[in-house]
1. Just for the Cα atoms in segment 140-266, what are the lengths along the principal axes, largest first, rounded to whole Å?
2. Give a residue-ordered list of calculated ³J(HN,Hα) values for segment 99-108 (Karplus: 6.51 cos²θ - 1.76 cosθ + 1.60, θ = phi - 60°; whole Hz; x for Gly, Pro).
3. Over segment 188-274, what is the mean sequence separation of C-alpha contacts under 8 Å (at least six apart), divided by residue count, expressed as relative contact order in percent?
4. Beyond 13 Å, what share of the Cα-Cα pairs of segment 207-254 remains, rounded to the nearest whole percent?
5. Full extension from L108 to L120: what is 0.36 nm times the residue separation minus their Cα-Cα distance, to one decimal in nm?
6. Let me make sure I get this right: for segment 336-456, a, b and c are the square roots of the gyration tensor eigenvalues over alpha carbons, sorted descending. Under 1.5 in a/c it's rounded, otherwise prolate if a/b > b/c, else oblate. Which is it?
7. Which trypsin sites (Lys or Arg not before Pro) from segment 360-406 combine a DSSP loop assignment with at most 14 other Cβ atoms within 10 Å?
8. Sort W341, W71, W397 from largest to smallest accessible area, using a 1.4 Å probe on the heavy atoms of the protein chains.
Amino acid sequence: MGRVAKSLTARLPIETDGRLAILLPVGGAFALSAVSAVLMPQWFWLPLALIAIAAFGMFALRHAVALCMIWLIIAGTTLEMTLGDLISPDAYQTTIAVVKFAELLLALLCVVRYGASPDLFNPTLAFLAIFLMGLAHGLHPDLTATASLRSLLGSIAPFAFAFSRLSPGWGRAIVRTTTLIPLLSVVAGIVLDAAGLRPLFQESGGERLAALGHPAFLAGICLAAIYACLIELYRDGRRRWMLLLAANFLILVLTGARAPLVYAMAVTVLTLGFVRSSVFAMPYRLLPVLLVACLVPLALVLAQDLPTLRLFNLLSSEPTNLSGRDLLWPPFQEVVSRSPWFGWGVGAGNAIIGPDSRLALLMQTRAAHNEYLRISVEGGQIGCALLIVSFVLWVVWHTRGLRRTDKTILRLAFLAFAGHAYTDNVLIATTACVFFTFAIGVFANAPRLMNTGEVA
């Protein structure tokens, strides 16, 4: 009894000091607000606003992981598409800007919570170099310095979390949240479709699953979710990750996106076939591979009878169709030829095809759908090479301390990402925010694993 009383007495001054540290500034702010209400009525709200900001900041610090998970779900479900359809087209760009700005703020919050990391090979530095080269060389005639700076912020946002020394708990929460995003998007899309607000499928050379966003964007999110399922499957071998893996593959097939499906299958087959695991035995790994091998011929046969689904329509009629990319690439290639080494500044890729041009109206897009070509427009061959090198060093540096399975799966995912970049906008879309945040979530496990002897 005496020992308990002594313990309580010992802790009392600390608890009292902690309360005083909070109560004194709050009481002082209220007193200042009362004085201002008498002497300067127009400023009485300022101390109260400071209290509110401080309270929100303390709440955010305490719940940083939960806020990052909520943000990741919002980014991954691509709500900008839904809001653009339900409210107005202007809501599309506004929502994207808010999502990326929120990521920068959350990254800053994580720096305050966990501490800063220099992250010397971060691709952000390559984008900054391209931005400075564009200013020195001269921006594209249709690109202003303000627009270039805005594009720079949008380009670096997906990598912002890497500048924080994140905890393994943050990383696990992010990776597991990633596995669920496509399912959450589809469930929400079913609700909107049932309410008659927005269709679940879109017509584009056949029916394509869109959920809350666009089929191509949903496919990009499915890629990150599939990689996340593989990471978790090789960490603990639980059956639920295999079920989620199958569900995400089904969603990916229904999006009708060919390239993402090819890369997802390649990474999954290589992982299950060749990456050994102590928690995921060989028979269980080979079973889904053999199942897919049996289903592929069946899918080719069914392609003749299921033309309404976009993937089967393309397989049966135009398997080599580039979906209009052969029309989009020439204007970008022509601009690259006019400044092959230094490019036209960050954001110049958005200025090549005019919003009211015949090509933009025909293709319903102004993007290059080829990140190597877009970066060559913005940074020339020097900028493109600099970005590629920074990516290679960044991935190698961060994966060197991961457990063997995490390292192998993530490196395969980045190789697939490099291939996917040839035909899609994998760096500028909001899907990039999800993919790189997922990757940084895997990176976050390296310090803990290096200390527990699990390094490859």
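1. Result for segment 140-266: principal-axis Cα extents of 52, 42, 32 Å.
2. Per-residue couplings from phi come out as 4, 6, 5, 4, 5, 4, 5, 5, 5, 5 Hz.
3. Numbers: 88 pairs, mean separation 22.6, N = 87.
RCO, segment 188-274: 26 percent.
4. Numbers: 591 of 1128 pairs.
For segment 207-254, the fraction of Cα-Cα distances above 13 Å is 52 percent.
5. Numbers: separation 12, 0.36 × 12 = 4.32 nm, distance 1.72 nm.
Fully extending the segment from L108 to L120 adds 2.6 nm.
6. On the way: a/c = 3.43, a/b = 2.20, b/c = 1.56.
Prolate shape, in that a/c is at least 1.5 and a/b is the bigger ratio.
7. Details: sites: R366, R374, R400, R403, R404; in loops: R366, R400.
Here the trypsin sites (Lys or Arg not before Pro) that fit, given the DSSP loop and packing criteria, are R400.
8. Working: W341 150, W71 15, W397 125 Å².
If we order W341, W71, W397 from most to least accessible, we get W341, W397, W71.
The values are calculated or read from the model by the stated rules, or taken from the named source; none is laboratory data. Computed from a predicted model, the values in this text were never measured in an experiment. Here the Cβ is made from the backbone with ideal geometry for all residues, glycine too, and neighbour counts use every protein chain on show. Only protein heavy atoms, including side chains, enter the accessible area calculation; ligands, DNA and RNA are left aside. Shrake-Rupley method; radii C 1.70, N 1.55, O 1.52, S 1.80 Å.
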